[in-house]
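Engineer: Have a look at the structure that comes next, please.
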Amino acid sequence: MKWIAAVLFAALLVLLPSVAGDFYVNLASQILIAAIFALSLNLLVGFGGMTSLGHASFLGVAAYISALLTSRYGFAHGPAAIVSIAGTTAMAAVFGVIALRASGLGFLMITLALSQVLWGLTYRMSNVTNGDNGIAGLTRPMPFGLSLDSAASFYWFALAVASVSFLMMTTFVSSAFGSSLKGVRDQPRRMAALGFNPWMIRWITFIYAGFWGGVSGLLYVYYNKYIHPTSLSTTSSAEALLGVIAGGSGTLSGPAVGAALVLLLKNYASAYVERWNMLLGLVFLFIVLVMPTGIVPGLSKLLNLRRGSR
């Protein structure tokens with residue numbers, strides 16, 4: 001039954017541009033980008049027990065590097081993408097060394113502080129980043145000569161990248177390394193006594209999460225053709241964290257569901273409610289009270305209870 005549902009869902013995703021208008025196709029593209037970003041954060045929060053409020057740094061830095069290289073220095077999209085992902089991954093390695101000097105609340109505060117530094121620099125270094133005006137007039141890549149300017153073509157491109165990222169992150173957490181990561185999350189002292197290196201396991205996970213955060217940043221700048229310092233803000237990190245917690249941290253599909261919920265509320269509620277953040281807070285409060293483990297684990301539990309009562 002699960003396989004049938006999965007095949008039907010995959011068919012719906014592939015055929016979406018054939019049955020929906022450009023508005024909904026573009027909305028789906030944004031959800032795919034947000035899902036990759038939330039899944040990368042979930043590697044830290046859900047599987048590593050490392051709650052971060054600075055994950056938007058990786059999205060924003062990758063987007064800025066790509067934007068600067070293509071618009072100012074004449075790089076083609078391919079080399080610019082490689083340099084931006086490599087640069088973001090290297091930054092994640094450095095940030096990981098700094099942030100992992102603490103755990104719990106200290107880790108959260110260090111990631112928040114690092115992201116605030118970058119966010120401030122994007123405003124202050126206006127000769128490089130164009131400050132509050134952002135960088136506009138960007139273009140999308142043309143993989144294999146195919147234009148991504150239409151809503152449908154970009155959606156399929158984003159769907160392909162999202163599918164690969166989901167597969168890679170699923171493989172990561174399902175591997176022996178993923179099991180050791182969950183062991184370090186739950187019993188770090190016992191894992192250390194067994195000969196594992198908790199710090200190294202967390203650091204590698206931090207770098208891997210930063211890599212996928214950078215990939216989502218590339219898609220983000222390709223989609224918007226524009227980048228602004230708000231992409232590195234605490235609000236961006238908090239929205240992703242909200243999506244992870246609401247959907248179900250530590251699950252594979254939960255963060256994607258949560259990211260979709262946050263994005264839909266942001267797009268629809270903001271059109272009718274001026275203080276849409278207040279509505280988002282109420283929805284989050286409802287989820288925490290009714291389904292404390294998140295939407296996906298909560299619904300799964302309800303289905304199991306219903307089957308057991310038959």
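The values are calculated or read from the model by the stated rules, or taken from the named source; none is laboratory data. For clarity, every value in this text was computed on a predicted model and none was experimentally measured. Reconstructed Cβ throughout: ideal geometry from the backbone, glycine too, with neighbour counts over all protein chains shown. Just the protein is used for accessible areas: all its heavy atoms, side chains included, with ligands, DNA and RNA removed. Shrake-Rupley method; radii C 1.70, N 1.55, O 1.52, S 1.80 Å.
Engineer: Once every DSSP H run of n ≥ 4 in the chain is given -39500 (n - 2.57) and the sum is divided by its residues, what mean residue ellipticity at 222 nm do you get, rounded to the nearest 500 deg cm²/dmol?
Structural biologist: -24500 deg cm²/dmol
Engineer: Another question about this same structure. What are the ³J(HN,Hα) couplings of the range 275-290, residue after residue, when phi is run through the Karplus curve with 6.51, -1.76, 1.60 and θ = phi - 60°? Round to Hz, x for glycine and proline.
Structural biologist: Working through the residues one at a time gives 8, 5, 4, 5, 5, 4, x, 5, 5, 4, 4, 4, 5, 5, 6, 8 Hz.
Engineer: Okay, moving on. Using a Förster distance of 51 Å, how high is the FRET efficiency between residue 19 and residue 189, based on the Cβ-Cβ distance and rounded to 0.05?
Structural biologist: Computed FRET efficiency for residue 19 and residue 189: 0.45.
Engineer: Now a separate question. I'd like the distance between the alpha-carbon centres of the range 29-78 and the range 275-310, rounded to an integer number of Å.
Structural biologist: After rounding, the separation between the Cα centres reads 28 Å.
Engineer: Where the accessible area of the range 76-218 is counted over protein heavy atoms with a 1.4 Å probe, how much of it, in %, is carbon and sulfur?
Structural biologist: Whole-percent figure for carbon plus sulfur exposure: 70.
Engineer: I've got another one for you. May I ask you to compute the full-extension gain from residue 97 to residue 171, defined as 0.36 nm times their residue separation minus their alpha-carbon distance, rounded to one decimal in nm?
Structural biologist: Gain on extension, residue 97 to residue 171, equals 24.2 nm.
Engineer: Apply the Karplus parameterisation 6.51 cos²θ - 1.76 cosθ + 1.60, with θ equal to phi minus 60°, to every residue of the range 177-183 and state each ³J(HN,Hα) to the nearest whole Hz, in sequence, with x for glycine and proline.
Structural biologist: 5, x, 5, 5, 4, 5, x
Engineer: Compute the semi-axes of the equivalent ellipsoid of the range 1-160, taking the square root of 5 times each eigenvalue of the Cα gyration tensor, and list them largest first in whole Å.
Structural biologist: Equivalent ellipsoid of the range 1-160: 30, 25, 13 Å, largest first.
Engineer: Name the residue farthest towards the positive end of the dipole of the chain from the options 74, 126, 264, assuming +1 on Cβ of Lys and Arg, -1 on Cβ of Asp and Glu, about the Cα centre.
Structural biologist: 264
Engineer: Can I ask one more? Placing +1 at every Lys and Arg Cβ and -1 at every Asp and Glu Cβ, with all other atoms neutral, what dipole size does the chain have around its Cα centre, in debye to the nearest 20?
Structural biologist: In total the dipole reaches around 860 debye.
Engineer: OK, next. Work the Kirkwood hydrodynamic radius out for the chain: mean of 1/r over every pair of different alpha-carbon atoms, inverted, in Å.
Structural biologist: 20.2 Å
Engineer: Lysines near residue 301 by alpha-carbon distance under 16 Å, same-chain residues fewer than 8 away left out - which ones?
Structural biologist: Once the sequence-local lysines are set aside, what remains near residue 301 is 2.
Engineer: Separate question: Figure the gain on full extension for residue 303 and residue 117 (residue separation times 0.36 nm, minus the Cα-Cα span) and round it to one decimal in nm.
Structural biologist: Roughly 62.4 nm would be gained on extension.
Engineer: With θ set to phi - 60°, apply the Karplus curve 6.51 cos²θ - 1.76 cosθ + 1.60 along the range 242-248 and write out the HN-Hα couplings as whole Hz, x wherever there is a Gly or Pro.
Structural biologist: Going residue by residue, I get 4, x, 4, 5, 5, x, x Hz, with x marking Gly and Pro.
Engineer: Further question: Mind jotting down the three principal axis lengths of the range 166-238 based on Cα atoms? Whole angstrom, largest first.
Structural biologist: The Cα atoms of the range 166-238 stretch 49, 26, 16 Å along their principal axes.
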